[in-house]
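Nothing in this text is a laboratory measurement; each read-out follows from the coordinates by a stated rule. All values reported here derive from a predicted model rather than from experimental measurement. A quick note on method: Cβ atoms are made from the backbone with ideal geometry, for glycine too, and the neighbour counts reach across all protein chains shown.
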Amino acid sequence: MMVLYKIGPGSVFPLHNHRQAQFGVFLEGGGKFKVEETMWKISKGDSYFVPAGLYHELKTDRRLPSLIIDFFVPTREDYLKEALVPEQKSRI
């Protein structure tokens with residue numbers, strides 16, 4: 001499953017985990033990304049991988065919005081209700 005996130009400056013995705021592996025790329029913006037006990041600065045153009053089940057957290061840059069493309073394997077069933085069906089026009 002592919003997800004495009006538009007995230008406002010200074011947003012926090014608190015420490016959490018899920019059964020899906022997650023990998024993605026920052027197309028714009030950045031922030032601090034933590035996986036388990038390791039934290040690093042992430043910027044435009046950087047990519048990441050979070051194995052299934054590991055705890056992770058994102059704090060976006062407080063000055064810049066972020067645009068991120070994420071991939072989840074297997075599909076996140078909890079996100080399907082927000083997905084557009086092919087016949088719908090984009091909400092963007």
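Structure data summary
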quantity	calculated
Filter result for the condition that a residue is among the aliphatic types (A, V, I, L, M) and touching an Asp or Glu at 6+ places or on another chain (Cβ under 8 Å), over Val25, Val73, Val85	Val25
Enumeration of residues in segment 1-26 that are aliphatic (A, V, I, L, M) and either loosely packed, with under 14 Cβ neighbours inside 10 Å or in contact with a His (Cβ under 9 Å, 6 or more places away or on another chain) (or both)	Met2, Leu4, Val12, Leu15
Sole exception among (1) of a type in the set (Val, Ile, Thr); (2) surrounded by 13 or more Cβ atoms within 10 Å (Cβ to Cβ); (3) touching a residue at least 60 places away in the same chain (Cβ under 8 Å) for Val35, by number	(3)
Hits in segment 38-78 (condition: of a type in the set (S, T, N, Q), in contact (Cβ under 8 Å) with a residue 40 or more places away in the chain and either closer than 16 Å to Pro14 by Cα or surrounded by 13 or more Cβ atoms within 10 Å (Cβ to Cβ) (or both))	Thr60, Ser66
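Here's the yes/no breakdown for (1) assigned to a strand (DSSP E or B); (2) hydroxyl-bearing (Ser, Thr, Tyr):
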{"residue": "Leu27", "(1), (2)": "yes, no"}
{"residue": "Ile42", "(1), (2)": "yes, no"}
{"residue": "Tyr48", "(1), (2)": "yes, yes"}
{"residue": "Glu57", "(1), (2)": "yes, no"}
{"residue": "Leu64", "(1), (2)": "no, no"}
